[in-house]
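Novice: Dropping the structure in here first, questions after.
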Amino acid sequence: MAGNTIAVIDYGMGNLRSVSKALEHVSDGKPVVVTADPAVVAAAERVVFPGQGAMPDCMRELDARGLRAAVLQAAKEKPFLGICVGEQMLFEHSDEGNVPALGIFPGNVVRFPDDKMVLANGERLKVPHMGWNEVCQNDHPLWQGIDDGARFYFVHSYYVVPASRDLVMGTCTYGVPFTCAVGRANIFAVQFHPEKSARDGLQLLKNFVTWQP
C-alpha cells in the first residue's frame, strides 16, 4: 500500500463512488482507495470520512465494522476530512436518535427548528435543507482559491453546534444561521457535499489533497 494513499472510509453509509471519483480527479496521481480495512486507514497518508443517512445507523455501522478506533486514530495524526454526517459524527451527541457520537469535538448535533423555518414573506422552508447555498468563510487553507460566499450543495436536516467558536470555519443560513464547516489542527469537516459542488467543491478537495497541517 503506497504511503501517499488517500483512504475513503467505507462503513456502508457514505456517498463513496462520488467522493472517490471527485478525489481521483484532483489527486494528481495519488491513489484513492475506498476501504473498510482499519490497516489500510492506518497506512494512508490522509483520510476522508464521508457519511449520509441517519446518525444512529452511521454510528452502529461504524462500530459493527470495527472502524471506530481507526477513525479516532486517523483524526489524531493525519490530514482528515469529514463530509456531511462524517462531520456530525465528530461531535459529542446527536439529537437524531439521541445517540452519542465520537466526541472528537465538543458540541452537539441538532435539527433545524420548525418554528424558524419561515421566510420573511411567510413562505415555509422545507426540511431537509436541500440544494445550493452560500457559505461564509473563516480563514483556513482549505478555502484557498474559493470566493467567500461561494455556493455549495447541501442535503441535511441536522447541523452541528460547536461548543467553541474557535472550531467554526464556515457558516450558512437556512431559516437560522448555522455552522457548516469546522476545523482544528489536522481536521477539517463540512456539512455540504464538495463532491457534488462543481468547481468550488473540487477546489476544496484539491486543497485537501495538498494540505500540510
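The values are calculated or read from the model by the stated rules, or taken from the named source; none is laboratory data. Since the structure is predicted, the reported quantities are computational estimates derived from the model, not experimental observations. Here Cβ is always computed from backbone atoms with ideal geometry, including for glycine, and neighbour counts include all displayed protein chains. The protein model used for the area step is the full one, side chains on, heavy atoms only, and it has no ligands, DNA or RNA in it. Shrake-Rupley method; radii C 1.70, N 1.55, O 1.52, S 1.80 Å.
Novice: List the number of the failed condition for VAL109; all other conditions in (1) in contact (Cβ under 8 Å) with a residue 40 or more places away in the chain; (2) open to solvent by 50 Å² or more (accessible area, probe 1.4 Å); (3) farther than 23 Å from ASN207 by Cβ hold.
Specialist: (2)
Novice: If you scan the stretch 155-167, which residues turn out to be part of a loop (DSSP other than H, G, I, E, B) and open to solvent by 50 Å² or more (accessible area, probe 1.4 Å)? First the steps, then the outcome.
Specialist: Looking only at the stretch 155-167, we keep the residues that are part of a loop (DSSP other than H, G, I, E, B), and these are 157, 163-164.
Residue satisfying the conditions is ALA163 alone.
Novice: The conditions are (1) within 18 Å of HIS93 (Cα to Cα); (2) open to solvent by 10 Å² or more (accessible area, probe 1.4 Å), and ALA185 fails exactly one of them. Which is it?
Specialist: (1)
Novice: Within the stretch 154-199, count every residue that is of a type in the set (Ser, Thr, Tyr) and under 12 Å from the mean Cα position of the chain (by Cα). Show your work before the answer.
Specialist: Let us first name the residues in the stretch 154-199 that are of a type in the set (Ser, Thr, Tyr), namely 157-159, 164, 171, 173-174, 179, 197.
Next, from what is left, pick out any that are under 12 Å from the mean Cα position of the chain (by Cα): 159, 179.
So the count comes out to 2.
Novice: In the stretch 22-63, how many residues are farther than 25 Å from HIS93 by Cα, open to solvent by less than 40 Å² (accessible area, probe 1.4 Å) and in a helix (DSSP H, G or I)?
Specialist: Final tally of qualifying residues: 4.
Novice: Ok, one more. Condition check: among the acidic types (Asp, Glu), buried (at least 16 other Cβ atoms within 10 Å of the Cβ), outside any loop (DSSP other than H, G, I, E, B) and modelled with pLDDT of 95 or more. Does GLU96 satisfy that? Talk me through it step by step, then tell me what you get.
Specialist: On the way: among the acidic types (Asp, Glu): yes; buried (at least 16 other Cβ atoms within 10 Å of the Cβ): yes; outside any loop (DSSP other than H, G, I, E, B): no; modelled with pLDDT of 95 or more: yes.
In short, no.
Novice: Additional query: Please enumerate the residues belonging to the stretch 125-154 that are assigned to a helix (DSSP H, G or I) and either open to solvent by 30 Å² or more (accessible area, probe 1.4 Å) or aromatic (Phe, Trp, Tyr) (or both).
Specialist: Of the stretch 125-154, the ones assigned to a helix (DSSP H, G or I) are 141-143.
PRO141, TRP143, listed by residue number.
Novice: Could you identify the single residue in GLY66, GLY122 that is open to solvent by less than 60 Å² (accessible area, probe 1.4 Å), part of a loop (DSSP other than H, G, I, E, B), out of contact with any helix residue (DSSP H, G or I) (no Cβ under 9 Å at 6 or more places or on another chain) and not polar (S, T, N, Q)? It would help to see each step written out before you state the result.
Specialist: Working: GLY66 fails: out of contact with any helix residue (DSSP H, G or I) (no Cβ under 9 Å at 6 or more places or on another chain).
Testing whether each residue is open to solvent by less than 60 Å² (accessible area, probe 1.4 Å), part of a loop (DSSP other than H, G, I, E, B), out of contact with any helix residue (DSSP H, G or I) (no Cβ under 9 Å at 6 or more places or on another chain) and not polar (S, T, N, Q) leaves just GLY122.
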